[in-house]
1. Å³ per residue of the Cα convex hull, for the range 17-132?
2. What spacing in nm lies between the two simple spin-label points modelled at residue 192 and residue 52, each 7 Å away from Cα in the Cβ direction?
3. How would you rank 130, 19, going from fewest to most other Cβ atoms within 10 Å of each one's own Cβ?
4. May I ask you to derive the FRET efficiency for residue 78 and residue 233 from their Cβ-Cβ distance with R0 = 35 Å, giving the value to the nearest 0.05?
5. Given R₀ = 41 Å, FRET efficiency for residue 225-residue 124 by Cβ-Cβ distance, to 0.05?
6. Where Lys and Arg each count +1 and Asp and Glu each count -1, what net charge lies around residue 70 among other residues with Cβ under 10 Å from its Cβ?
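No lab work stands behind these numbers, since they all come straight from the coordinates. Just so we're clear, the structure is a prediction, and the values are computed from it rather than from any experiment. Neighbour counts are summed over all protein chains in view; Cβ atoms, including those assigned to glycine, are modelled from backbone coordinates with ideal geometry.
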Amino acid sequence: MSTTTFPAPSVVAAPARILIVDDDRAMQAMLSEYFANSGLKPLIAANRVQMVDRLRAGPHVVILDLKLGEDDGLDLLRLIRTQSDVPVIITTGHRRDEIDRVVGLELGADDYVTKPFSPRELLARVRAILRRGGGDLKRGRGRNRIRFGSWELDRGGHAVQRGDQDPIILTKGEYGLLLAFLESPNRPLSREHLLRATRVHDDVFDRSIDVQILRLRRKLETDPSEPRLIETIRGVGYIFKAQVEAP
């Protein structure tokens, strides 16, 4: 089955393109009008086919409702993440949908809001993401591959690969953690620093950074019990021992 590679968004210039994936016509109309009046260019998609088509326009941010009619929002998020690193804000219909929210964030969503929400709040979150955008390493824009040691990180697909081996998909937390290491190789980093780098919302990622380190070691280290890439510095934190070749 062939895949389609969506274009990376161009450098943000007014108006930034915001793709709204929601099958609620009232929500579509409300957000479209609000974003347009705020100097943004809204794009609308109500299903998978329309979303794929609109993604060809290279939106700067995607707002994705996880509770679409015939399409599974998490499946659509997986599709986006296999082809693009465009920032995604997921929306959920009820506060009790915590599992979907957590899975969405770990699949690569950048933020979430719970319905009902105000357009003003959503606009603030969109603008915050646009301010963080650009060609920096942390957001993964521009050229999509970084080499470190014998590994290569595909930022668009949130995956690592060594040589001709099959790619290994990273969770949201593992991806954020690896980017934090790649930004500061061969420098001791505290647990607090690394936790801030991987945490999106305190209520979602309030878990031990050591657990995430263990998971990342299992994917990157030849022998996770004797790590040579991510070493522990007792009383300090961790150090990433690799030469990083950023594009």
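1. 92 Å³
2. With each label placed 7 Å out from Cα toward Cβ, I get 4.8 nm.
3. 130, 19
4. Details: r = 36 Å, r/R0 = 1.02.
It comes out at approximately 0.45.
5. Numbers: r = 45 Å, r/R0 = 1.10.
Computed FRET efficiency for residue 225 and residue 124 comes out at 0.35.
6. Working: positive: 48; negative: 23, 71, 72.
Net local charge, residue 70 excluded: -2.
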